[in-house]
Amino acid sequence: MSAREKGSKAGRGAVESGEKATSLRYKMMDLAKSRKDVISLGRGDPDLHTQREIIDGTMKYFSTLSNRDASSDNSILGPVRGLPDLKRKIADRYMEEKGISVDPEKELIITNGGQEGLFLALLALVDPGDKVACPDPRYTSYDQAIGACGGTIVSIPTQQEGRFFELKEADLREYASDAKLLVFVNPSNPTGSCATVESVRKLAEVAKEMGIIVLSDEIYEDIIFDDHKSLCFWGVDGARDRSIVLSGFSKSYAMTGFRVGFLVGPPDFIDAVSSIKETTSGPCPTFSQYAALAALEMENDSRPQFLSRYKDRRQILMDGFNRMRVPYAEHYGGLFLWADMTRFGIGAEEFCYRLLRDAGVLMFPGNSFGDSWRNWVRVSLLAPKKSIEEAMARMTEFVEGLEEDG
Ligand SMILES: Cc1ncc(COP(=O)(O)O)c(C=O)c1O
């Protein structure tokens, strides 16, 4: 069997496991739709309102369109790598907030959400048969994207002891010796872990030593709690020529529907992504890019206010789980809590199904983030405070029922 055949076979397996996991989440969402009073703590799309200034910025762009002179050569279709003003603003942000220089013309490309960024990056980097290391548990779109490129996944365990999840450099060394690439999410979906500055540095050092390219998914970069500090992968000295950062506007600014993400990477990588994007999706819609520009130009940055709202919601979930004696992973960032339902003895799929059917609360079973997580559930912070309180009250009653039965 040729490397290509081997790769595509391996790829099909990865696609299938990713599809299985995604379809499990969609089945739960369909069931949730069949009930009126469901509180959804499932999907990861922020429920907070996109700020007024962002909508206004988009409308301003639309009004320039309707006032456009017919003879104008001002094309509505922007450059494939994104609007220069938006790229410049993102690069300015990287300098102001992270102290990292990014050349907006050579080292940055705007994508249709982080999701497209993920697929484009992997298409540019992964050849059939390549091994790609990923944390376990993980966001299973990675499996689908890696599989679509014919790559094979190498899972790296991240559960350290009990409730502590972190990708450790020693495990990267042990599990990923023949991997070409590491796809790593920080802060994590689904565990809520967030690598410290020191551990990002160590991962970068070991990846460099092993000759592994790193794709650092930092889509939750603005949602880090309790003064915990992390580091952008591009901020590690000597790492930028072998690493790529993926991020976007969906989570930071509650702009999922606008579909604006971006990749920061070495110029030859950005060139490769750009030529794939040119022949597939083309540029990100211009109005969405104006919306993203408005987000970066907002007078009252909505991120601190969003973070404080997520913090309140997270506390309600943590208090509820503590009362129910449900252990959850130590939580530092991102939009999910990762909780262990082992003691109920029915497995997460059954637990989530019955919780939805009997109590009208939607959570995702852990096995939709990796096969071995059959007793864990992922719970999002993405419902108003009152609804989360109600969800915890319903879950408490449900759990008491299980305890009585058991
Ligand atoms: C880990 C991770 N990466 C990337 C994405 C893609 O986000 P979007 O396409 O909305 O920018 C998501 C979305 O949920 C995610 O959880």
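None of the figures in this text is laboratory data; all of them are computed from the coordinates on show. All values derive from a computational prediction rather than experimental measurement. Quick reminder, even Gly has a Cβ in these numbers, built from the backbone with ideal geometry, and neighbours come from all protein chains shown.
Points worth noting:
- Inter-part distance where region 157-236 and region 325-387 are each reduced to a Cα centre, Å: 23
- Rg/Rh (Cα only; Kirkwood hydrodynamic radius) as it applies to region 177-271: 0.97
- Counting DSSP beta bridges with both ends in the chain, the antiparallel % (nearest 5): 50
- Antiparallel DSSP beta bridges within region 132-190, percent to nearest 5: 10
- Note on region 52-297: dipole from Cβ charges, positive end direction compared against 137, 231, 167; the farthest Cα belongs to 137.
- Given +1 at the Cβ of Lys and Arg, -1 at the Cβ of Asp and Glu and no other charges, the dipole of the chain around its Cα centre is 660 debye to the nearest 20.
- Candidates 280, 245, 255 compared by Cα position along the dipole of region 243-314: farthest toward the positive end lies 255, with charges placed on Cβ.
- Rg ratio (alpha-carbon, reference 2.2 N^0.38 Å) - region 52-297: 1.03
- Average Cα contact separation per residue, region 191-278, under 8 Å, 6 or more apart, as relative contact order %: 26
- Going by neighbour counts of Cβ atoms within 10 Å, the residues 273, 379 line up, fewest first, as 273, 379.
- Helical content of the chain, expressed as a calculated mean residue ellipticity at 222 nm, amounts to -14000 deg cm²/dmol (DSSP H runs of 4 or more residues, -39,500 (n - 2.57) each, divided by residue number, nearest 500).
- Taking all Cα pairs closer than 8 Å and separated by 6 or more residues, the relative contact order of the chain comes to 24 percent.
- Taken about its Cα centre, region 252-396 carries a charge dipole of roughly 680 debye when the Cβ of each Lys and Arg holds +1 and the Cβ of each Asp and Glu holds -1.
- Entries in 98/168; 106/180; 180/277; 131/202; 98/131; 89/277 that, when Cα-Cα distance is taken, lie over 26 Å: 98/131
- Footprinting exposure proxy for 228, 331, 49 (fewest neighbouring C-beta atoms within 10 Å first): 49, 228, 331
- Partners for residue 229 among aspartates and glutamates (Cα-Cα distance below 12 Å; same-chain residues under 8 apart left out): 198, 221
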